[in-house]
Structure formats: structure tokens, C-alpha cells
Amino acid sequence: MTGTKKMLLLPLALLCCSMPAFAPLAQAGPGPVYSAITARFTGEIEPNATVMVLENDTAIELGYVEQLIAAFNEAYKDQGIKAERLNTDQYADLATDGPYGYGPDVWYQANDIIMKYAQAQHILPVPYEALDAKDQIPPSAWEAYAINLQGETLYCGVPVNVQSGMLYYIESMLPEHWQADWDVNANGVPDFFETYTALYALSADIKENGGKTEYGYLDDLIDTYFMGGYLFTYGAYIFGDHDTDPSDIGLGAGEAFKGARMIRQWAKEMDNTEVVEKAFASAAFSYLATGRMLCTITTPDVRRMFIREMAANGWTAEEAERDLKMINVPCLPVSGDLTADGWRDTILRMDELTIPTRMMGGINGYGISAYTKCPNASLAFVEFATSYAQVMLRNAMLGIIPARADAAAAVGETDDTVRILFDKLDRDLIDIMPAIQAVGQLWTPWESFLVDITTDALRENRGEAAAFGTDEQLQAGLNRLVQQLHDAIFTLQ
């Protein structure tokens, strides 16, 4: 084993210490509950089975799913089984479609979505002890799919990749003379990629004076996944007791109002309705490639979407690979105010004036429907899709960060993103999405709150009265959000 691999495997091994468990990590094994639930996995593949697979849109659009299914079908043709991709319009909801024989046999999704269904017994626990990937995937990744039943820990999915926000930019789009104007600590890194205060100052400068791009930083300010980090950095959390107690909702805890304040400040600076529309996520690829913005934040698995859009706008494939950069997100100001401290001071006094940004994250993986008529064939597909070879291909085609230690080590030899992401996990700077059913109640009220504060900033820009112009108003809004979530989880069901 090389020294590089040893260094990468160490943080992977430490993940169990850096992330809170969904449930006490007992040794899954042939206990009575485990044996009873996994008894459907006999090892005998059902003859003439067709495994219906529901994958994510990016993997479909970039051709990975087609290659995956073709490779599986070739490998298993002698056993008389095959896989087919389920079109998203063939599926509405596993809880309603599954009992009637519709929906996927195998589903690739984020842990919070799969586990929402697992809690309601729509997803089968997998035979963890028999899985080839069992020892390659670190305990913390397994914990994202863990459920405790009668004192036994069961796992309702097989992790594939680790997700969290990364900052994307195109190097040739950097401002002219940034080394002279935007590197006050002379460390060779643009100041605006080190602190959000400097990024805010750059964005204001581009807006006022112009530049290579129309905007500095643009983002989807109503996306709870990415905006959650602004709240978490200042003490907010989703659920108490390591995200297992939905009666304790912490989105307004600590000084979360500071995070809300800065989201509102960004909306005021960006001053356009695109940042409060869901269409931004799909437009971001072209916005970066055409110079509409210098940078944005999204997940590693869509890197190829940026590359493809750059190729459509004049870059060769080699140029695009070299020019597109994906780096850690900047630090946030301790003050929680993007305008309070001079941006130069935040760079020169980072230890004193800034705080590392926490981000929401997730573990994407494969789950097996409890309603499948071919559990063994479905498991064969999941094992094939989570093998070293397929995870490496998924990385090559999509840019995902593997959950498997062997794949992460191999990718990390040439990709700093792996090091960055696992370092953040090791430092407890990524909050993995909760894996309990109540999480499904979060997103709509939380998004509505983000819409309220961002559109309020746009109203203020038009000279209208502000509803969230003070910290007290922002905190009151967070308190209302918490009450709405509590009602949705416990009162309105």
C-alpha cells in the first residue's frame, strides 16, 4: 500500500468517530430479527427476473446508467436475469405504488429519502454480513442507512458516495490582476475563495464596476441543502439526540439568525429573482460556462454537467478539465455579517474573525424495495453496482466521491476533492441528513422560510417595508419555522 493510500484510508477509518450515529452501531449479524428479515435473501437468484432500477437524472443524462445496466446484463446473461431502467414517469411514491407491484426493485437515492421509506418498512434491510462491500465501506457511511429494531442494528441500503457542497469556478474567468488586488496574505489563493466576506466584496465590485463575469457568486438561495450550512455554522441543528429525536427541532438554535441574516444579505446583493427560483439549479451549468457568474456551490457528482456545458461553449474536453476547479467552500465571518468587517481584515485575521463553514451532506446509495418479487436478483444488481469497478466508473463519468475506502484511496491519488471532503467529515464540518421518517416534513416549510427572507431582501431593494430586516425578526421567523415543523410532525399527521 502506498503512503498516499495510507493517508487517505486513515480519515476514512476515522469517520466513525467524526459523525454521529443514527443508532448505536451494534454488530449486525445473525440475530433473530436480522435472520427473520433477511431470510428472503436465499442466495438463489430468481429465474427470468427483470430488476427495475430507479436512478438519478444526472447519471441517466450523462450515460452512466446505460453503461451500468448493459454491463450487469452482460455479466448475468448466463443466469437468465436482466436489469432495466425505470423511467421516472413510471413512478410516483414507493409507499403507494409498491404494494400494487409498481415502482422500482432497486432505488438509488440519498440516505434521508431511502430511510424515510425504510422507517415505514417499504425498504428491505440488506444481508449486511454477506455483502462484498461490507468491510470497504466505513461505519459512518453504514450508519446513514442504519435502523435499530429490537436491539439489533439493521442496514437498509448500501452506500455508494459521499455528498456535500463544493465551490465551482472556471480559472480563466478569474478577475484580471487578482494576485495584486485579491491576495492580501500572499498565499497564492484568491481571497474571495478563502472567506465569504471577501467573496461578497468581490461580488459587489463586479456588480458596480463590471468584470469578466456578470456576477461574482450566485446560488440557489432557497435550496435547504446548501443554505442549511449558514444556520449550522452558528449552532443550529435539525433534530436532537444525533438527529434521532424529532421532538427537538434545532433550526433556530444558537445564533442561527446570523446565518439567516447572511442569506438575506446575499439576496440583497444578487438582486435578481433567479436566486429564489428552483430553475437556478439546472441553469447553473450554463451560467458558469457563459460567464454569467464566477462561482457557485453544488455537489461533486454534477461536475461532468459543467464540463459538458463548457464544451458546448468553446472549450475542448482537455481545456474544460483543466479550467474547471472544485474547491472547499470559504469560511464565514464570526460576526455573521458579510459587510461588518473589512474583507482585508478577515483575510489577515482569519483565525480571529472567521469560522469554518459547516455544510449539509448525505450518503447516496442503493436500497431494495420491500415489495420486490426478485430480492436475490435485486441484491445481485446492488452488489454489482457497488463493486470497486462500478464505483470507479461512476466517479470517472460523474465525479462522485466514493464511500468505498479502496475506491476513495485510488481516486484521491489524483483528486484533492476526496481529501477535502473526508477532512471535513473528520473535523465534523458536514451534517449528514437525518435518516428518520420525520425528515420528510422539513423541506417545504424550510424552503418557504428561505423564500420569505430572500424575497424580503428584494422588496427592500425596491423601497418596500422589510419584514426580516432585524435579527429579532429573523429569529422570530426561525421560531415560527420550528413551530410549523413540530406541528407538521406531531399535530397534523
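Placing unit charges on the Cβ atoms of the charged side chains and taking the dipole of the chain about its Cα centre, the candidate lying farthest along the positive direction among S387, A180, I363 is S387.
Here the simple spin-label model places points 7 Å from the Cα toward Cβ, and for S247 and T470 these points are separated by 3.4 nm. Whole-Hz Karplus values for the stretch 362-375 come out as x, 10, 7, x, 10, x, 10, 4, 5, 9, 4, 8, 9, x Hz, taken residue by residue from phi with 6.51 cos²θ - 1.76 cosθ + 1.60 and θ = phi - 60°; glycine and proline positions read x.
Taking the C-alpha atoms only, the angle from helix 196-209 to the longest principal axis of the chain is near 60 degrees. As an equivalent ellipsoid, the stretch 374-421 spans semi-axes of 25, 9, 8 angstrom, where each value is the square root of five times an eigenvalue of the C-alpha gyration tensor, largest first. Between the stretch 270-308 and the stretch 101-117, the C-alpha centres lie 27 angstrom from each other.
Quick one: compute the contact order of the stretch 204-326, relative version, from alpha carbon pairs under 8 angstrom and 6+ residues apart, as a percent.
Details: 143 pairs, mean separation 34.2, N = 123.
Value for the stretch 204-326: 28 percent.
Just name one of Y128, L154, G103: the one whose Cα is farthest towards the positive end of the charge dipole of the stretch 76-164 (beta-carbon charges, Lys/Arg +1, Asp/Glu -1). Selected residue: G103.
Ranking request for peptides 266-275, 68-77, 326-335: highest mean number of other beta-carbon atoms within 10 Å first, then the rest in descending order.
Details: 266-275: 18.8, 68-77: 15.6, 326-335: 20.7.
So the order, starting with the most tightly packed, is 326-335, 266-275, 68-77.
Seen against the Cα atoms of the chain and their longest principal axis, helix 280-289 is set at about 60 degrees. Other residues within the sphere of radius under 12 Å centred on the Cβ of G469, judged by their own Cβ, net out at -1 (K and R +1, D and E -1). For the stretch 426-484, pairs of C-alpha atoms spaced more than 18 angstrom apart make up 50 percent of the total. On the beta carbon distance between S35 and T273, with R0 = 60 Å, the FRET formula returns roughly 0.60. Backbone phi angles across the stretch 305-316, fed through the Karplus curve with coefficients 6.51, -1.76 and 1.60 (θ = phi - 60°), yield HN-Hα couplings of 5, 5, 4, 5, 5, 5, 4, 6, 10, x, 7, 6 Hz in residue order; Gly and Pro are listed as x. Remark: the stretch 244-256, residue by residue, has Karplus-estimated 3J(HN,Hα) of 10, 10, x, 6, 10, 9, x, 5, x, 6, x, 10, 4 Hz, where x stands for each Gly or Pro and the curve is 6.51 cos²θ - 1.76 cosθ + 1.60 at θ = phi - 60°. Among DSSP beta bridges whose residues both lie in the stretch 152-299, state the antiparallel percentage, nearest 5. Roughly 75 percent of the beta bridges in the stretch 152-299 run antiparallel, per DSSP. Helix 416-426 and the long axis of the chain differ in direction by around 80°, with both axes built from C-alpha atoms. Local charge for Y215 was computed over the other residues whose Cβ lies under 13 Å away, with Lys and Arg +1 and Asp and Glu -1, and equals -4.
Sorting the segments 400-407, 244-251 by their mean number of nearby beta carbons within 10 angstrom, highest to lowest, gives 400-407, 244-251. Overall, the stretch 145-230 carries a charge dipole of about 260 debye about its Cα centre when +1 sits on the Cβ of Lys and Arg and -1 on the Cβ of Asp and Glu, all other atoms neutral. Charged side chains reduced to their Cβ positions (Lys and Arg at +1, Asp and Glu at -1) give the stretch 40-93 a dipole of some 200 debye around its Cα centre. Under 5 Å between amide hydrogens, built in the peptide plane, is the criterion, and for I432 it picks out G361 among residues at least 5 positions away or on other chains. Computed about the Cα centre, the dipole magnitude for the chain is approximately 660 debye when only Lys and Arg (+1) and Asp and Glu (-1) carry charge, each at its Cβ. Solvent-free Debye calculation, one equal scatterer per alpha-carbon of the chain: log10 I(q)/I(0) at 0.07, 0.09, 0.11 Å⁻¹ equals -0.38, -0.64, -0.96. DSSP bridge analysis restricted to the chain gives an antiparallel fraction near 70%, rounded to the nearest 5. Which listed residue (Q473, I489, Q265) has the Cα farthest towards the positive end of the charge dipole for the chain, taking +1 on Lys and Arg C-beta and -1 on Asp and Glu C-beta about the Cα centre? So the residue we want is I489.
Please list the equivalent ellipsoid semi-axes of the stretch 221-343, computed as the square roots of five times the alpha-carbon gyration tensor eigenvalues, in descending order and whole angstrom.
Listed largest to smallest, the semi-axes of the stretch 221-343 are 31, 18, 14 Å.
Normalised by 2.2 N^0.38 Å, with N the number of residues, the alpha-carbon radius of gyration of the stretch 316-379 equals 2.09. Of the peptides 388-397, 160-169, 347-356, the ranking by mean beta-carbon count within 10 Å, highest at the top, reads 160-169, 388-397, 347-356.
Amide hydrogen proximity for D248: with H placed 1.01 Å from N in the peptide plane, the residues at 5 or more positions away or on another chain lying under 5 Å are G240.
No lab work stands behind these numbers, since they all come straight from the coordinates. Just so you know, these numbers come straight off a predicted model, no measurement behind them. Positions of Cβ are backbone-derived with ideal geometry, glycine not excepted, and every protein chain shown enters the neighbour counts.
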